[in-house]
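> Okay, handing you the structure first.
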Amino acid sequence: MPELPEVETIRRDLAKLIVGRKVLGIETNSPKQVQPSLEMVKKAITGTTIKKVQRRAKIIQIFFSNGKIIIVHLKLTGRLLVRKKEDKIDDWQHIMLSLSGDKELRFADSRKFGWFRLLKDEKELQKILKEFGPEPLDGLTLPVFQKILSSTSRPVKIVLMDQQRISGVGNIYANEALFLAKIDPRRPAKKMTKQAGEKLYQALEKVLRAGIKYRGASDQYYLDALGHKGFYQEHFLVYGRQGKRCLACSGTIKRISLGGRGTFYCPQCQK
Ligand SMILES: [Zn+2]
């Protein structure tokens, strides 16, 4: 699933590629992914101009000149691609936003769990966004992070990925941050020392910034808005490295399942 660095990379691409363009129309071959309905979205945004593109948590927000907003969640396999209208059809292309300048914003999604949702205004947007925890790179302070950790005895990795506590962190970057901070993913969050909490806070920021720098991790479906892969998968510290030598010691990376998700760690380094 695209996480903060992947969604942020797409947002930055979209800000360059679609802001200022006029919406000429919208089509879909997967109506359930356009909410509340294709007709309502078409009526609301056709003829408007795209004003800005923002991100909060894993949600991309597209703002239109009449005050309407579309929020997009990529879920497991979603892609937002900016193409020329005559470019060949993309794999799993389901929602097509026709834009001025012969451009098309395409939402492609193999698993079809992602969605486009029309909101009537900023107030409705804020209501949705307040369900999410603070942004790890913008707003999550160390004292708040320590408080989040001390409030629960759930495994620390699950806490990192809990969108209501901290937004945007998924399986890849949670694994990476815990490795960098040398913390066992199963450790109960509230049993962590202040020092370990601070190390994890710094590690989380570091891996998320690295993810953005390398334009996301394309170990599976993720592509940026131009259809290019990211590079962070070439820099994985621990994710997907089961059976391989630890990059920090002579140990071997182990894979376990935690909360149903593949969890990778070095039993020697991470305590
Ligand atoms: Zn190790």
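The values are calculated or read from the model by the stated rules, or taken from the named source; none is laboratory data. Since this is a predicted model, take the numbers as computed values, not measurements. Please note: Cβ atoms are built from the backbone with ideal geometry, for glycine as well, and neighbour counts cover all protein chains shown. These area figures cover heavy atoms from the full protein model, side chains too; ligands, DNA and RNA do not enter into them. Shrake-Rupley method; radii C 1.70, N 1.55, O 1.52, S 1.80 Å.
> To the nearest 10 Å², what's Lys244's accessible area with a 1.4 Å probe?
For Lys244, the solvent-accessible surface is approximately 110 Å².
> On to the next question. Which net charge results when you count Lys and Arg as +1 and Asp and Glu as -1 among the other residues whose beta-carbon is under 11 Å from that of Gln146?
+2
> Enter the Cα centre distance for the pair the stretch 231-271 and the stretch 137-199, rounded to the nearest angstrom.
With the stretch 231-271 and the stretch 137-199 each reduced to a Cα centre, they are spaced 17 Å.
> Show which lysines lie in cross-link reach of Lys254 when reach means a straight Cα distance below 16 angstrom and same-chain residues fewer than eight apart are skipped.
Leaving aside lysines fewer than 8 places away in the same chain, those within reach of Lys254 are Lys157, Lys182, Lys244, Lys271.
> Tabulate in residue order the Karplus-calculated ³J(HN,Hα) for the stretch 138-144, using 6.51 cos²θ - 1.76 cosθ + 1.60 with θ = phi - 60°, rounded to whole Hz; enter x for Gly and Pro.
For the stretch 138-144, the Karplus-derived couplings read 7, x, 7, 8, 4, x, 5 Hz, x marking Gly and Pro.
> Ok, one more. Along the stretch 56-72, what does the Karplus equation 6.51 cos²θ - 1.76 cosθ + 1.60 (θ = phi - 60°) give for ³J(HN,Hα), rounded to whole Hz, x for Gly and Pro?
9, 6, 9, 9, 9, 10, 10, 9, 10, 5, 9, x, 6, 9, 10, 9, 10
> Compute the FRET efficiency between Ile89 and Phe231 as 1/(1 + (r/R0)^6), taking r as their Cβ-Cβ distance and R0 = 25 Å, and round to the nearest 0.05.
It comes out at approximately 0.40.
> Give, as a single signed number, the net charge of other residues whose beta carbon lies under 15 Å from the beta carbon of Asn171, with Lys and Arg counted +1 and Asp and Glu -1.
With Lys, Arg at +1 and Asp, Glu at -1, the net is +2.
> I'd like to compare 28-36, 111-119, 85-93: which one has the highest average count of other Cβ atoms within 10 Å, and what's the full order after that?
Final packing ranking: 111-119, 28-36, 85-93.
> May I pose another question? What are the ³J(HN,Hα) couplings of the stretch 177-193, residue after residue, when phi is run through the Karplus curve with 6.51, -1.76, 1.60 and θ = phi - 60°? Round to Hz, x for glycine and proline.
5, 5, 5, 4, 8, 6, 10, 5, x, 8, 4, x, 3, 6, 8, 7, 6
> For the stretch 142-265, just list the percent of Cα-Cα distances falling in each 5 Å bin from zero outward, please.
Cα pair-distance distribution for the stretch 142-265, in percent: 2, 11, 21, 23, 20, 13, 7, 2, 0.
> Give or take rounding to whole Å, what are the principal axis extents of the alpha carbon atoms in the stretch 4-129, in descending order?
38, 31, 27
> Take every Cα-Cα distance within the chain, group them into 5 Å bins from 0 onward, and report for each bin the whole-number percent of pairs it holds.
Here the calculated profile for the chain is 1, 6, 13, 16, 17, 14, 11, 9, 7, 4, 2, 0, 0.
> If we count every other residue with Cβ under 14 angstrom of Asp121's Cβ, Lys/Arg +1 and Asp/Glu -1, where does the sum land?
Details: positive: Lys51, Lys68, Arg117, Lys120, Lys123, Lys127; negative: Glu122, Glu124.
Overall, the nearby charge balance is +4.
> Still on this model: Would you grab the residues whose amide H sits under 5 Å from the one on Arg55? Only those 5+ places off in sequence or on another chain, please, with H modelled 1.01 Å from N.
Residues meeting the criterion, in which the H sits 1.01 Å from N, are Gln61.
> Out of the stretch 122-169, which GluC sites (Glu not before Pro) are coil in DSSP terms and have no more than 11 other C-beta atoms within 10 Å?
Glu131
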